[in-house]
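A short worksheet on the structure shown next.
The values are calculated or read from the model by the stated rules, or taken from the named source; none is laboratory data. Everything quoted here is computed from the prediction, not taken from an experiment. Glycine also receives a Cβ, built like all others from the backbone with ideal geometry; neighbour counts cover every protein chain displayed. All accessible areas refer to the heavy atoms of the entire protein, side chains included, with ligands and DNA or RNA removed. Shrake-Rupley method; radii C 1.70, N 1.55, O 1.52, S 1.80 Å.
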Amino acid sequence: MANIETDFMADVEAVSSIDAVPSILEVICRTTGMGFAAVARVTSDRWIACAVRDEIQFGLKPGSELKVETTICHEIRQNHQAVVIDHVVEDELYAHHHTPAMYGIQSYISMPIMLKDGSFFGTLCAIDPRPARLKNPETIGMFKLFAELIAFHLNAIERLALSESKLKDELKTAELREQFIAILGHDLRNPLGAVSNVAQLLLRMPLDERTKRLATIVQDSSYRMKEMIENILDFASGRLGGGITLIRKNDEPLADTLNQVLTELRLIWPDRVINVQLHITQPVNCDRRRIAQLFSNLLSNALAHGEKDTPIDVKAFTVENGFVLSVSNFAEQISEEIMERLFQPFSRGDIKPGQKGLGLGLYIASEIANAHEGTLTVSSADGEVCFTLQIPVK
């Protein structure tokens, strides 16, 4: 007998991890009266015990090995047929077989363990130096059922290991991808800031109409890029465990913050009508910068997806139990299917030709609302789409 090598350790561990195997071997010994039962891994050149019940001091333990040529299991591996011997000396086929004589056995039964893909794993076998009554439907059926049960568990273990391996690889890939996105977004800020500053300086100069129009395009594009980079960085931070970070204060001048966002977007969309009603009469405990980001995402979304010749309504007010901000616009009704995934990352709903974006704006807005222990909801009916933020009083 030899010690098991490393490459077969997984098979031994797999069988050992099946809780039912010790009970199966015990039932076999008690039912048949035989003193040794085992689950063996059998290949063309190896016979290795994976699980053992030894009441006759045969001498094998899990991991022990026999020369495969000395076993009947070697033949079972080739023909995939069970072998059942009640009494070796009375058996025409095995009376002069070398295996019973070598190991001093008189009764023997071995059932092939076939995996789901049709491959041969090994055998479920039992031996004893005394004769036994094995050639009956009950015993053979029991061995077949137990062999199938072991195969079922081995298949499940293999599927689980494969799934865990794929999940591990996917998590590693996702983490690397999101780290790359975060680093890229961070490194883009400086050159983008330079582009935006140059565009603003150009617009302060006396320019002809064509140059002024080009400078405006550069400014508008840099604003959109800045918004996308902020969303990317927040997304990467949230996915990597950082979440949306807040710096909350009780006396944030929200009206000024919202008006600043309105001014910026009106410059970009000068032809659109935005009706505004602000009635903020009490302090709101919030992160002003994040509320501005949320509002910018909602208003940009309304400007991009709403009907071009209709106004957008913005309402912001404080109530007894909190702060409410809503952005509504006229647009086609959003389907239930799209509504269900509207706040998920990279979900952009029905995109019309010419509309671009990563599908992160509404996701980031929702995460900002959650970070404030508030809610962001959407309704779509009668040709109007309305997003509503509600933050409770702290």
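Observations on the model:
- Accessible-area order (highest first, 1.4 angstrom probe) of the listed residues L171, L134: L171, L134
- Contour minus Cα-Cα distance for Q78 and S119 (0.36 nm per residue): 13.6 nm
- Measure of compaction for region 1-140 (Cα Rg per 2.2 N^0.38 Å): 0.98
- Alpha-carbon centroids, region 139-154 and region 66-93: separation in whole Å: 18
- When the listed pairs K212/K308; K249/K308; K116/K172; K172/K249; K166/K226; K61/K168 are checked against a 26 Å cut-off, the alpha-carbon distance exceeds it for K249/K308; K116/K172; K172/K249; K166/K226; K61/K168.
- Sites D256 and I338, calculated FRET efficiency, Cβ-Cβ separation with R0 45 Å, nearest 0.05: 0.85
- Residues S23 and K144, FRET efficiency given R0 of 22 Å [Cβ-Cβ distance, rounded to 0.05]: 0.85
- Solvent accessible area, Å² - V393, 1.4 Å probe, full protein context: 80
- With the helix formula -39500 (n - 2.57) applied to DSSP H stretches of n ≥ 4, the chain reaches a computed 222 nm mean residue ellipticity of -15500 deg cm²/dmol.
- Förster radius 56 Å - calculated FRET efficiency between N136 and E320 (Cβ-Cβ, nearest 0.05): 0.10
- Summarised as an ellipsoid, the chain has semi-axes of 76, 22, 19 Å, derived from the eigenvalues of the Cα gyration tensor scaled by 5 and square-rooted, with the largest first.
- When all protein chains stay in place and ligands, DNA and RNA are ignored, the 1.4 Å accessible-area order of H97, H305, H279, largest first, is H279, H305, H97.
- Given the chain, longest segment not containing exposed loop GluC sites (Glu not before Pro) (DSSP; at most 16 other Cβ within 10 Å): 93-306
- The residues of region 1-152 expose on average 50 square angstrom of accessible surface per residue, using a 1.4 Å probe on protein heavy atoms.
- Among the protein heavy atoms of the chain, carbon and sulfur supply 53% of the accessible surface, probe 1.4 Å, non-protein parts ignored.
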